[in-house]
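Here is the structure we will look at, set down as structure tokens.
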Amino acid sequence: MSLDEYTRREFKQVGTRVRRPDGVDKVTGRAMYGADATAPGMLTGRILRCPHAHARIKSIDVSAALALKGVKAVITGDDFAVPEDDFIRDVQENCMARGKALYDGHAVAAVAATDAAAAKAALKAIKIDYEVLPHVTDVDEAMKPGAPVVQAGRVQENVPKGYSENVTAHFEFGHGDMEAGFAKADKIIERSFKTAATHQGYIEPHACLASVTSDGKADLWCCTQGQFYVRTLCSSIMGMEASQLRVTASEIGGGFGGKTTVFIEPVALMLSKKAGRPVKIVMSRDEVFRATGPTVSSSSDVKIGMTKDGRITAGEATLRYQGGAFPCGTTEFGCSAAFAAYDLEAVRTYGWSVLTNRPKEAAYRAPGAPMAVYAVESVVDELCLELGLDPLETRLKNAARKGTKSSYGPTFPDIGLVATLEAAKAHPHYKAPLKPGQGRGLSCGFWFNFGGNTCVSLNVNTDGTVGITEGNPDIGGSRASISLMAAEELGIPYERIRTIVADTSSLGYNDVTDGSRVTFAVGLATIKAARDAIKKMSARAAKIWGIDPEAVEWKDGAAVPAGPNAGKFPPMSLAEIAAVSAETGGPIAGHYEVNADGAGVSFGVHLCDVEVDRETGATKVLRYTVFQDAGKAVHPDYVEGQMQGGAVQGIGWALNEEYIYGPDGRLQNPTFLDYRVPVASDLPMIETVILEIPNPGHPYGVRGVGETGIVPPLAALSNAVSHATGVRMTELPMSPPRVLKAIGGT
Amino acid sequence: MRYLAAKTAAEAAGALAAEKGLTRILAGGTDVLVQLRSGMVEPDLIVDIKKIPGIRGIVAESGGFRIGAAVSGAEIGEHAALCAAWPGVAEGVQLIGSTQVQGRCTMVGNLCNASPAGDAVPSLVAANAVARIAGPDGERDCPVADIPAGPGKTTLKKGEIITSIFLPARPDRASDAYLRFIPRTEMDIAVASAGVSLELNADGTVKAARIVLGAVAPTVVVADDAGKALVGTNLDDGALAAMAKACEAVCNPIDDKRGTIEYRTKMAGTLAKRAALIAYARAGGSK
Amino acid sequence: MTKLHVSTTINGDPFEFLCAPDETLLDVLRNRLGLTGAKEGCGTGDCGACSVTVNGRLVCSCLVLGAEAEGAEVTTIEGMADGDELHPLQRHFIDGAALQCGVCTPGILVAAKALLEKNPDPSDEELRYWLAGNLCRCTGYDKIIRAVQAAAAEMRGA
């Protein structure tokens, strides 16, 4: 890790609440999202989806569909070559089934037609003969020997015998002597928990516009968190060279991890290739729920030992995650995050990845962490209650800090958990009185954060303005943050900078907008690109002045002689240097390319007060406060926004959101009517307290802030409801019927 | 599909009666368009009734109100006299959907969609509201309670449309209330609901009570015994408990994604209790 | 299906279009008239991203047929600013960071404007209930409520 990047400085622009550059477009309806693009001769693409939870596709007859007027192409899984790579094959098969449909909503065929009505008629005309197979959607059921096997041959070597083939992977993390740890405890509590699958719930359904030409070139416009990764996946699936596929990211209407992969893009490309015309596909909300990434559902056991004075002596968690019909990559994150907030001598987490007849899990904000931390933080809370300990003091006593060997391996550098807990302790919310029937809950949360492949170009224009080209879709104000960091480094006003998000042909590879990486990694690359440009501008000034480039330094947006020995020249501003660049060597640009490490982990603490109606089981959130370490809040408004948005998604997960399957294995609530995301009237204001404990791995100390906020709410709410009702809650969501039943009201 | 914006009720009824294929009536469209979109229905003819004279008006009649079939929830909420006389009816219709849906949705549409969970229906039935129906054979009146026949089904005959709802005059010392339970604070379909209409004696005891439950049976249920349990009382705890019990006894709900049998049954009693207390206070009763 | 000819007024300007009888106003705005500011988030009236007003009433344009726009006055997000001058709501949404991804923003602005025309001084609770049909998944609504209240205060001259 490069932990020497940070230097303390007084910021002039970073930390201010400037207007975002895309604001006017977005409040006037002008911003172009996935579904807003058109192309000459464009066809409408539609996808046919399997109505069964699990079915062999015995035959597909598309002849009647093809014979209809206006229908220009029909494709099935057989139109795609079988990718050699397992992972790419999974992505492709999730986009369109081959041989077997693995979940309700799995794509089985697609059409392109001259208008929506013709496309709809074509879907109806496709005849599919299914052999319906037994299915399984529950994680615990799917693990049992004899359960219907979703996919055979996917079991990793380290999975012990005695389980269903649906169990594909096993993980183990931890250190210390567990037996000795538990022996030291005065109180041990062991509990089992369940959490339902939830969906990212972005308001913009997936949409794309593909155009493949007969000479093998292609353009793809889509709403995605990562245009470069879309290019990688689509070019692999289509057997194209990356250079021939240009992917442009539209404005994105929310993603939260759910737009980090492809669902409809390869289908649109294949339809376009076959039809010889541009094809647009826009998912319906029903398709979004049935066929795009929900998060995992989980079943877990947690056992924690504690001494009378509140020291945790040992902690153990077993996490069983189902990630749908394909091997799930999230279990490992859950195992690593479960005990991350604690400094433990003995800790162990075991993870199991399980296949079920559900849609393929996609990343959702801190993937895998919320349900793991929910279970652990619930048991810690119960121990505090049983032992008569203050839950905040107890967490402080056991908190991970600099030098702690984390439960997942690495030793922590400077981290902000203790400061965050102290801030919560000092906040009036923690001491505010509660009325009967009300309860207060508390939980810590954690996310690793991520750096990754990043490159940035910074062009100095001859009028003294600056253009920044970066490669990560702006999902919540990142163009403003990137411009701010460049302005800070260059010493010019924020308003003189414009940051744009480039297509895949205009810049080197950038990893997906995920892992809370953009402000950290793109910010770092922007700062370094600015320094590169500064070096070049200083050299130009040196050339004009006839002095050594080393004798020039950059101060307040201008080149100045480095000292009295360098010579006496008035400062040359960025604008002055840029204006004469043609005479001093041509255009000036700064670049930086990096696979960034040094991302700083971010801890959060959430406090919430609830009131439970004992006659209906309904929970009302009365007050909510988020404390989180941002490292450095580059644009505090959008940092607060991330904290608030994450908290509210977590509140939804805790109280009402869930994937509901019927006995037939079909999803029963693929609508915003019955998949109940929080609405404005459900919520109080979400107070925020930003902590700034600098990340040593970033020049300005930035950590990511996007994901941590969804981790604590599950346990914070569950602990609050448990306190309000006097009954320990162990299953999410805590929907009113479930709560009423738990408290004996029905 | 053909679209017809009928100019008169007779034209609408005639077109609906003459159509051999599937038909739908469009007033607010907040159910019909969802069904069209999902492919659940593919009508051959859709008749927009909003251009029929008088169908968007609320008029005083015989001490009560006649409400046109195309009057939106928002318009009902803005009619002060109607809201004062029948607050339970007004709050029921205003609970349908969002503000946006309120701009379009109608009581009659809610009634004819025939969902047992329709928010407008329990209070209308509790109010003894009467539907006026235009059809190929002319006009007839029918108690609202007799319109729903089961989930998605009504007793209306081919070619018939409801043109208005009549809410009778209110006696003195009478009022109503409607409550539903939903998991969120807005935007959900009722898991269970209760409309209560009360008339009090001069001494504050209940003279008459009509209690109607929603989402706990294939159609709304008139809980006669529950109403009787309140008569002669001033809603003491014992009366309320007996009333809740009587509500639970008439429930015949289903288990689904929105609620369990046991939960819905329990909620019906709880909501009826709470709604009765509100109606009682509105009628001038004091405890 | 035979198409219908519809004459309507959108944001004060006359428009004519042909549409299928089952085509929604949202589809007409987006696909026939190039007014893509209204978004489709659900198509079933559950998210509010397609909010417009028809004859002064706030509605989901996905729950209105294009044919019903005959003779009506429709307003959309594209008509909210006065030329290059943003409406106070639009300005306060930018200044107060009341949007992250921005896809729900047009619908929320149209809905909030409809409320302030009816009730210039709503309580937070009235505002939250009025906007309950406008889903936002990014912000947790906090900054949206604050921005609408700031705009309302400015519009009241407070």
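Computed from backbone phi, the HN-Hα couplings of segment A:199-208 come to 10, 4, x, 3, 6, 8, x, 4, 8, 8 Hz, rounded to whole numbers (Karplus: 6.51 cos²θ - 1.76 cosθ + 1.60, θ = phi - 60°; Gly and Pro given as x). Can you compute the label reach from A:LEU387? Point 7 Å from Cα along the Cβ direction, backbone N cut-off under 12 Å, restricted to segment A:288-318. In segment A:288-318, the label zone of A:LEU387 (backbone N under 12 Å from the point 7 Å along Cα→Cβ) covers A:304-315. Separation of segment A:371-414 and segment B:223-287, taken as the distance between their Cα centroids, equals 47 angstrom. For chain A, what does the relative contact order come out to in percent, with C-alpha contacts under 8 Å and a separation of six or more? Here the relative contact order equals 16 percent.
Per residue, how much accessible surface does segment B:40-168 expose to a 1.4 Å probe? Answer in Å², no decimals. Let's see the in-between values first.
Values: 4340 Å² over 129 residues.
Accessible surface, normalised per residue, equals 34 Å².
On the basis of the beta-carbon distance and an R0 of 35 Å, A:ALA81 and A:ILE500 show a calculated FRET efficiency of 0.50. The length gained by stretching the chain between A:LYS308 and A:ILE88 to full extension, at 0.36 nm per residue less their Cα-Cα distance, is 74.0 nm. Separation of segment A:706-746 and segment A:52-83, taken as the distance between their Cα centroids, equals 45 angstrom. Applying the Karplus relation 6.51 cos²θ - 1.76 cosθ + 1.60 with θ = phi - 60° to segment A:259-276 yields 3J(HN,Hα) values of 10, 9, 9, 10, 10, 10, 5, x, 5, 5, 4, 5, 4, 5, 4, 6, 7, x Hz, where x marks Gly and Pro.
Comparing B:GLY204, B:ALA12, B:SER38 along the charge dipole axis of chain B, the residue lying farthest to the positive side is B:SER38, per the Cβ-charge model.
Phi angles across segment A:639-651 convert, under the Karplus curve 6.51 cos²θ - 1.76 cosθ + 1.60 with θ = phi - 60°, into 3J(HN,Hα) values of 5, 4, x, 5, 5, 5, x, x, 4, 6, 4, x, 4 Hz, Gly and Pro given as x. The angle between the Cα long axis of helix B:237-250 and the longest principal axis of the Cα atoms of chain B comes to about 40 degrees, rounded to the nearest 10. When the other protein chains are added to the chain by itself, burial of at least 40 square angstrom of heavy-atom accessible area (probe 1.4 Å, ligands and nucleic acids ignored) affects these residues of segment A:22-45: A:LYS26, A:VAL27, A:THR28, A:GLY29, A:TYR33, A:ASP36. Candidate cross-link partners of A:LYS536 among the lysines, defined by an alpha-carbon separation under 21 Å and a same-chain spacing of 8 or more, comprise A:LYS528, A:LYS555, A:LYS568. Surface composition of chain A: carbon and sulfur make up 51 percent of the accessible area, probe 1.4 Å.
To the nearest hundred square angstrom, how large is the accessible surface buried between A and C, total for both chains, probe 1.4 angstrom? In total, this chain pair buries about 3800 Å². A Förster radius of 41 Å, combined with the Cβ-Cβ distance separating A:LYS405 from A:SER192, puts the computed FRET efficiency at roughly 0.90.
Stretching the chain fully between A:LYS431 and A:ALA67 yields a gain of 123.9 nm (0.36 nm per residue, less the alpha carbon separation). When the pairs A:LYS127/A:LYS273; A:LYS280/B:LYS257; A:LYS632/C:LYS143; A:LYS308/A:LYS425; A:LYS144/A:LYS303; A:LYS194/B:LYS273 are compared against a 26 Å limit on Cα-Cα distance, A:LYS280/B:LYS257; A:LYS194/B:LYS273 fall above it. The accessible area of B:CYS251, taken with all protein chains in place and a 1.4 Å probe, comes to roughly 20 Å².
Between amide H atoms placed 1.01 Å from N, distances below 5 Å from C:VAL74 occur with C:THR9, C:ILE10, C:ASN11, C:GLY12, C:ASN55, all of them 5 or more places distant or on a separate chain.
A:VAL552's amide H: which non-local residues (gap 5+, or another chain) put their own amide H closer than 5 Å, with H modeled 1.01 Å from N in plane and none for Pro or chain starts? Distant-sequence amide H within range of A:VAL552: A:ALA562. Radius of gyration over Kirkwood radius for the protein assembly as shown, both on Cα atoms: the Rg/Rh ratio is 0.98. Cross-link partners for B:LYS157 among the aspartates and glutamates, with Cα-Cα distance under 14 Å and sequence neighbours closer than 8 places in the same chain left out: B:GLU19, B:ASP137, B:GLU139, B:ASP141, B:ASP146. Compared with the dominant Cα axis of chain B, that is its longest principal axis, helix B:261-282 is turned about 80°.
Tell me, which residues of segment C:1-20 get at least 30 Å² less accessible area when the other protein chains come in, versus the chain alone (1.4 Å probe)? Residues shielded by partner chains are C:MET1. Applying 1/(1 + (r/R0)^6) with r as the Cβ-Cβ distance of C:LYS3 and A:VAL132 and R0 = 30 angstrom yields a FRET efficiency of 0.15.
Here the relative contact order of segment A:586-653, from alpha carbon pairs under 8 Å that lie six or more residues apart, stands at 25 percent.
Quick check on my link table: of A:LYS435/C:LYS39; A:LYS120/B:LYS153; B:LYS51/B:LYS158, which ones sit more than 31 Å apart, alpha carbon to alpha carbon?
Exceeds cut-off: A:LYS435/C:LYS39.
When B:MET40, C:MET80, A:MET240 are compared by accessible surface with a 1.4 Å probe, the order from highest to lowest is B:MET40, A:MET240, C:MET80.
The values are calculated or read from the model by the stated rules, or taken from the named source; none is laboratory data. Values in this document were obtained by computation on a predicted structure and should not be read as measured data. Here the Cβ is made from the backbone with ideal geometry for all residues, glycine too, and neighbour counts use every protein chain on show. Protein only, heavy atoms only, side chains kept; ligands, DNA and RNA dropped before computing areas. Shrake-Rupley method; radii C 1.70, N 1.55, O 1.52, S 1.80 Å.
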